[in-house]
1. For A69, state whether it is of a type in the set (A, V, I, L, M), in contact with a helix residue (DSSP H, G or I) (Cβ under 7 Å, 6 or more places away or on another chain) and under 17 Å from V33 (Cβ atoms).
2. Within segment 66-120, can you find the residues that are closer than 20 Å to L51 by Cβ, charged (D, E, K, R) and in contact with a Leu (Cβ under 8 Å, 6 or more places away or on another chain)?
3. Consider R183 carefully, then state whether it is closer than 21 Å to D64 by Cβ and not small (G, A, S).
4. Restricted to segment 166-182, and to residues that are without any contact (Cβ under 8 Å) to a residue 24 or more places away in the chain, touching a Lys or Arg at 6+ places or on another chain (Cβ under 9 Å) and assigned to a loop (DSSP other than H, G, I, E, B), which residue is surrounded by the most Cβ atoms within 10 Å (Cβ to Cβ)?
5. With the checklist (1) part of a loop (DSSP other than H, G, I, E, B); (2) of a type in the set (S, T, N, Q); (3) surrounded by 19 or more Cβ atoms within 10 Å (Cβ to Cβ) in hand, flag the one item S120 doesn't pass.
6. Scan segment 35-62 for residues that are closer than 16 Å to C93 by Cα and crowded, with 21+ Cβ neighbours inside 10 Å and jot them down.
7. Are any residues in segment 138-160 more than 18 Å from Q50 (Cα to Cα), more than 15 Å from the chain's Cα centre (by Cα) and assigned to a loop (DSSP other than H, G, I, E, B), and if so, which ones?
8. Restricting attention to segment 189-204, which residues are surrounded by 15 or more Cβ atoms within 10 Å (Cβ to Cβ), out of contact with any strand residue (DSSP E or B) (no Cβ under 6 Å at 6 or more places or on another chain) and either modelled with pLDDT of 95 or more or not in a loop (DSSP other than H, G, I, E, B) (or both)?
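The values are calculated or read from the model by the stated rules, or taken from the named source; none is laboratory data. Predicted model only: the values in this text are computed from it and were never measured. Glycine also receives a Cβ, built like all others from the backbone with ideal geometry; neighbour counts cover every protein chain displayed.
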Amino acid sequence: MFAHPVRSVRSDPYGSPVPRKPRLQEAGAYYHVVSRGNNRQPIFDEELRQLFVGLMREVAVAFDWRVLAFALMGNHYHFVVRLGTHGLSDGMCVLNNRFARASNNRFDRVNHCFGRRFWSSHLDTQYYVLNSIRYCLWNPPRANVCPEPGDSRWTSYRASVGLDPSQPALAVDDLLGMFHSDRSRARQALSDFVSEGRDRCQAPWDGPPAT
């Protein structure tokens, strides 16, 4: 599944910008992507979250992405994706530009919707992929939006473990296949794995070097 791991440049996406290696664009590469509102301003309301999920599905189809997890917060979003043949940057340009127009219109803004260019980390081992997925799904509880990952309507958790119908933007089969070939067992294994993040949910940019 993974090429021989090469340590990517990782840094806190909310800290100061640092030099980084060029983004890997090859098919099959996994990424954790984060984009935050300019000056940490709100970018979502309930209707805009629904719009974003629809746009993400359209972009995923057009750019051959496989989205494994997402979390839509008030002023930023996360998702974990496996790239197809069209890379990451072009799809992100379409996704953020289309969403920014809708968000700016809703909040009556004339300045930039998003701050810096989107942050991304190349996930070069399965360890990083799975921990980034778990990190995404714990975003609402960590922000005190809700007590548990399953209580949020705006992450991929509920659809992934079978509590809600599958999200069209989400590659559920790809995700569950990382846990077990049997769908029911895979869902239980995913639920157990996410639950383990209650005490220790490591951010992908804080992890040890890939080995």
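1. For A69, the condition - of a type in the set (A, V, I, L, M), in contact with a helix residue (DSSP H, G or I) (Cβ under 7 Å, 6 or more places away or on another chain) and under 17 Å from V33 (Cβ atoms) - is met.
2. R98, R106
3. For R183, the condition - closer than 21 Å to D64 by Cβ and not small (G, A, S) - is not met.
4. Taking the candidates together, the pick is F179.
5. Every listed condition holds for S120 apart from (1).
6. Matches in segment 35-62: S35, G37, F52, M56, V59, A60.
7. Once the filter is applied, which keeps residues that are more than 18 Å from Q50 (Cα to Cα), more than 15 Å from the chain's Cα centre (by Cα) and assigned to a loop (DSSP other than H, G, I, E, B), segment 138-160 yields A143, N144, C146, P147, E148.
8. A189, L190, S191, F193, V194, G197
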